[in-house]
Amino acid sequence: MMEKDKFKIQGLGREKFLSGKIKVNGAKNAVLPVLASCVLFEDSFVAKNVPAIEDLNRLNEIFVDLGISMKEINTGEYFVNAENIKSHEIKEEAAKKMRASIIFSGPILARFGKLIFPHPGGCVIGARPIDIFLEAFEEMGAKIELKDEKYFIEVKGAKLKGAEIFLKIPSVTATETLIMAGVLAEGKTVLKNVALEPEVTSLIEWLNQCGAKIKGAGSAFLEIEGGSLLSGKNQIYQTIPDRLETGSFLILGALCASDLEICNCNPKDLEIIIELLKDAGVDMIVSKNSIRVNCKNRKNYKAFNIKTHEYPGFPTDLQSPMTVFLTQAKGEALVFETIFEGRLNYIEDLVNMGADIRMWDSHRVMVKGPRKLKGKELEGPDIRTGFAFVIAALVAENESMIDNVYYIDRGYEEIEKRLSAIGAEIKRIKN
Ligand code: EPZ
């Protein structure tokens with residue numbers, strides 16, 4: 001995948017439909033922290049069901065800089081070895097392209113007592129500050145200096161001290177980073193008001209499987225007993241299914257499929273999405289590891305309000321795909337994005353396609369449906385809006401062009417092949 005590839009998509013309009021089976025891949029936001037956790041290990045481990053996405057390539061670039069080796073031993077199966085880790089600096093290049101790069105800060109600081117890293121980049125969905133990370137590191141004994149846009153962090157006595165930390169926002173990556181800092185810190189670390197996302201629980205279970213002592217998984221309060229380096233000998237991490245891919249495909253199927261089966265997923269991780277779509281009138285059958293959905297009732301879908309919220313509330317990552325759904329539902333819907341201040345920056349593109357959406361302020365829009373959409377030239381500012389535009393382009397009449405699909409490739413593996421396999425007319429135009 002190249003930075004400036006485009007997708008040419010032929011709208012399905014009212015006469016054509018998607019159908020068949022689509023497999024959900026391993027969760028990007030689960031496997032990235034698990035792979036970064038290798039800094040806490042004295043040896044190596046294997047990770048399975050790893051999605052082949054651009055963020056994995058960015059992570060590998062950071063690994064190479066740090067002296068960590070990651071080799072694909074089978075499709076989606078990686079052997080990760082941190083025995084020869086040689087640096088405590090996260091370089092600019094990859095870090096600027098991926099917010100998740102910040103997750104390395106906790107384990108590196110915990111292992112080496114020092115760290116150099118740039119302000120992380122990633123999806124342009126808001127300011128994305130890192131104050132929660134920095135304040136927590138200081139509470140654990142670190143001294144922080146910001147010079148030429150880089151953070152230089154040193155720990156007195158080169159060992160983080162366990163501390164009691166209240167997260168003023170249940171930040172997902174801050175939770176993951178501080179859990180990993182606590183695993184090697186001296187004494188006990190207590191984290192309060194942590195994120196409850198399934199990806200956080202999966203990380204905790206993985207670390208405990210390899211010798212960490214973390215209590216409270218699934219609750220807002222965690223207790224971490226600091227100890228020595230973990231061992232991954234004969235340990236395998238099985239990446240959990242991506243609930244955001246599942247939700248994206250479910251919304252697509254509800255709008256465009258005569259019969260779509262979404263396989264290898266965990267419906268329990270997206271109950272809010274399933275409940276809202278069922279209430280709106282979407283016909284679906286939910287099984288243990290799959291969801292079967294169709295659009296036969298789409299002419300009578302009822303609109304509903306969305307208010308994004310930390311897990312298990314409505315996921316901010318599915319706000320833009322669901323807003324596309326609401327352009328096709330009957331009635332008025334308020335979309336209230338409470339997590340990020342810059343995550344409604346795609347509305348104008350949908351309005352240009354024919355949607356009736358009015359901006360109330362930077363956090364709230366009012367959607368009126370149903371409205372026919374017309375194909376346009378689009379460019380998504382983040383991973384999930386990129387996919388929302390794919391949905392809108394397939395719902396629309398005639399042809400759309402989506403620019404800079406690097407963002408979509410960051411979070412959805414080979415998406416054009418997987419969508420073509422269920423009947424979409426989508427072509428990658430190499431640039
Ligand atoms: C994670 O980002 C996800 N990324 C995001 O998914 C997701 O949108 C987000 O959580 C919310 O669910 C990964 O897991 C790699 P936050 P993260 O810290 O951790 C504020 C995708 O598409 N905040 O939970 O960066 C922040 O500004 C990506 O896969 C501070 O104020 O999000 C935001 O308003 C996009 N100070 C709120 O917390 C801090 O130090 C929640 O952000 C940290 C965060």
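The values are calculated or read from the model by the stated rules, or taken from the named source; none is laboratory data. Only a predicted model underlies this, so the values are computations on that prediction, with no experimental measurement involved. Ideal geometry is used to build each Cβ from the backbone, glycine not excepted, and the neighbour counts take in all protein chains shown. The accessibility values were calculated without ligands, DNA or RNA, using every heavy atom of the protein model including side chains. Shrake-Rupley method; radii C 1.70, N 1.55, O 1.52, S 1.80 Å.
Looking at Gly122, Gly141 in this structure, which one is farther than 19 Å from Ala195 by Cα, open to solvent by less than 30 Å² (accessible area, probe 1.4 Å), within 12 Å of the ligand (Cβ to nearest atom) and of a type in the set (Gly, Ala, Ser)?
Just one listed residue meets the conditions, Gly122.
How many of the residues making up segment 375-422 are of a type in the set (Lys, Arg) and without any contact (Cβ under 8 Å) to a residue 60 or more places away in the chain?
Here is the first cut: in segment 375-422, the residues of a type in the set (Lys, Arg) are 376, 384, 410, 417-418.
Still in the running and without any contact (Cβ under 8 Å) to a residue 60 or more places away in the chain: 376, 417.
Count: 2.
Considering only segment 80-104, how many residues are more than 15 Å from the ligand (Cβ to nearest atom), part of a loop (DSSP other than H, G, I, E, B) and under 21 Å from the mean Cα position of the chain (by Cα)? Step through it out loud before you land on a result.
Filtering segment 80-104 down to residues more than 15 Å from the ligand (Cβ to nearest atom) leaves 80-89, 91-93.
Remaining after also requiring part of a loop (DSSP other than H, G, I, E, B): 82-88, 91.
Retained after the next criterion (residues that are under 21 Å from the mean Cα position of the chain (by Cα)): none.
Looking only at that region, the number is 0.
Consider segment 369-399. How many of its residues are within 26 Å of Asn300 (Cα to Cα), open to solvent by less than 70 Å² (accessible area, probe 1.4 Å) and in a strand (DSSP E or B)?
So the answer is 2.
Conditions: (1) open to solvent by 10 Å² or more (accessible area, probe 1.4 Å); (2) in a strand (DSSP E or B); (3) touching a Ser or Thr at 6+ places or on another chain (Cβ under 7 Å). Glu341 meets all but one. Number of the miss?
Among (1) open to solvent by 10 Å² or more (accessible area, probe 1.4 Å); (2) in a strand (DSSP E or B); (3) touching a Ser or Thr at 6+ places or on another chain (Cβ under 7 Å), Glu341 violates only (2).
Considering only segment 204-231, state which residues are aromatic (Phe, Trp, Tyr) and under 21 Å from Lys161 (Cβ atoms). Outline the logic, then answer.
Looking only at segment 204-231, we keep the residues that are aromatic (Phe, Trp, Tyr), and these are 206, 221.
Hit for segment 204-231 is Phe221, nothing else.
Taking segment 44-61, which residues are open to solvent by less than 10 Å² (accessible area, probe 1.4 Å) and away from the ligand (no atom under 15 Å from the Cβ)?
Phe45, Ala47
Taking Ile236 as the residue in question, decide whether it is hydrophobic (A, V, I, L, M, F, W, C), over 29 Å from Ile347 (Cα atoms), within 16 Å of the ligand (Cβ to nearest atom) and open to solvent by 10 Å² or more (accessible area, probe 1.4 Å). If you could, list the steps in order and put the result at the bottom.
Details: hydrophobic (A, V, I, L, M, F, W, C): yes; over 29 Å from Ile347 (Cα atoms): yes; within 16 Å of the ligand (Cβ to nearest atom): no; open to solvent by 10 Å² or more (accessible area, probe 1.4 Å): yes.
So Ile236 fails the test.
With a cut-off of at least 1 residues that are of a type outside the set (Phe, Trp, Tyr) and under 20 Å from the mean Cα position of the chain (by Cα), name the strands (runs of 3 or more DSSP E) lying wholly within segment 193-246.
Values: elements: 213-215, 221-225, 236-238.
By residue number, 236-238.
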